[in-house]
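Notes follow once the structure below has been shown.
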Amino acid sequence: MAEEKRMVDTYKVTHAIHVGDREILFAVDEGKTDCPYMVCYCSWDNPLGIEQFFDAAGSDDYLEMMTEFTDRVKAQLEAVRAERDKIAVPLSPFASEHCTPNDYGQSIENKVVVIRAERLRPEYRTADKQLVLAVGGFGTHANARGRAVYTVNLYSGKESRWNREDILGVLKTEYMPDWAKEELKQILAGQQAKHKKQVQER
C-alpha cells in the first residue's frame, strides 16, 4: 500500500519538523510555476485537535524558501530553549522507580500521576511536563472500559487529555517535589472553590 501523501491545499509536504508547540512545513506544487514552493506552520491547538495551517509564505525560489524553512525551525528551537530557561524547578524526568505501577484495577482519580516520558515530545521530556493531577475521565476509574484521563499539569496549570496507557504510574509520596506540593494545594483549593460556587448556583 502506497504511503498517503500529506497535502496542504495543492502542495505536497516534502519536509516537516515539529518543535515545541508547532510544526514547520516545506511543501511543493510543481504545477504552480509562479509559486511552486511554500513554507507554513501547523498546529493542533483547538478543541477538535485538527491540523491548522497558518503564516504561509511562497516563492518560485527554492533556496529562498528553504532558508525561510530553516530560519523558522531555528526560531522555534530558540523559543523552546527560552521557555526551558525560565523553568525554576529541577528538570530531571521521573521514571518507573518513582511510581507505583499503573494498575488498571485501581482508580487514579484525584491522584498525582506521572506521564510516560516517551509520550512527550523529546524537547518536553522533563519533570515539569510529567507531573499531573488526574481529575476525571473514564480512564481514571478502576477496570474502566474508557481510556480518557483528564489532567491538570502541576507546574503550568494547563488542562490536558491523556489516555490511561500514557500514565507511567502514581507518584510515590517520598518523591513529590516541594514545588509540586505547593502547586497541588493551589489546584485543589481552586477546584474546591469552583465546586462550592457551582453548588451555590444550583
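The values are calculated or read from the model by the stated rules, or taken from the named source; none is laboratory data. Please read these numbers as outputs of a predicted model, since none were measured by experiment. When we count neighbours, we look across all protein chains shown, and the Cβ atoms used for this are built from the backbone with ideal geometry, even at glycine. Accessible surface is based on the protein model in full, side chains and every heavy atom, while ligands, DNA and RNA are left aside. Shrake-Rupley method; radii C 1.70, N 1.55, O 1.52, S 1.80 Å.
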Proportion of all alpha-carbon pairs of the stretch 1-85 beyond 23 Å (%): 26 percent
Per residue accessible area of the stretch 10-168, 1.4 Å probe, in Å²: 55 Å²
Selection of GluC sites (Glu not before Pro), the stretch 1-77, meeting DSSP coil and at most 11 other Cβ within 10 Å: E3, E4, E30
Computed over the stretch 14-78: relative contact order in percent, which uses C-alpha pairs under 8 Å that are six or more apart: 30 percent
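Where nothing but the Cβ of Lys and Arg (+1) and of Asp and Glu (-1) is charged, how large is the charge dipole of the stretch 96-201 around its Cα centre, in debye to the nearest 20? Mind dumping the intermediate values first?
Details: 17 positive and 14 negative charges, 71 e Å.
In debye, rounded to 20, the stretch 96-201 gives about 340.
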Carbon and sulfur %, accessible surface of the stretch 1-109 computed with the full protein complex present, 1.4 Å: 52 percent
Column: log10 I(q)/I(0), Debye, Cα scatterers of the chain, q = 0.10 Å⁻¹: -0.58
Listed residue (G20, L63, H98) projecting farthest to the positive dipole end of the chain, Cβ model: H98
Nearest-20 debye value, the chain charge dipole, Cβ charges on Lys, Arg, Asp, Glu: 1320 debye
Among N153, A75, A88 - extreme Cα towards positive end, dipole of the stretch 32-171, charges at beta-carbon: N153
All-pairs Cα distance distribution in the stretch 96-201, expressed in whole percent, bin size 5 Å: 2, 13, 23, 24, 20, 11, 4, 2, 0
Contact order normalised by residue count of the chain, Cα under 8 Å, 6+ apart, percent: 14 percent
Environment charge at W44 (Cβ cut-off 10 Å; Lys +1, Arg +1, Asp -1, Glu -1): -3
Helix 178-201 axis, angle to the chain major axis (alpha carbon atoms, nearest 10°): 80 degrees
Rounded, prolate or oblate (a/c below 1.5 giving rounded, otherwise prolate when a/b exceeds b/c) for the stretch 114-175 by Cα gyration tensor: prolate
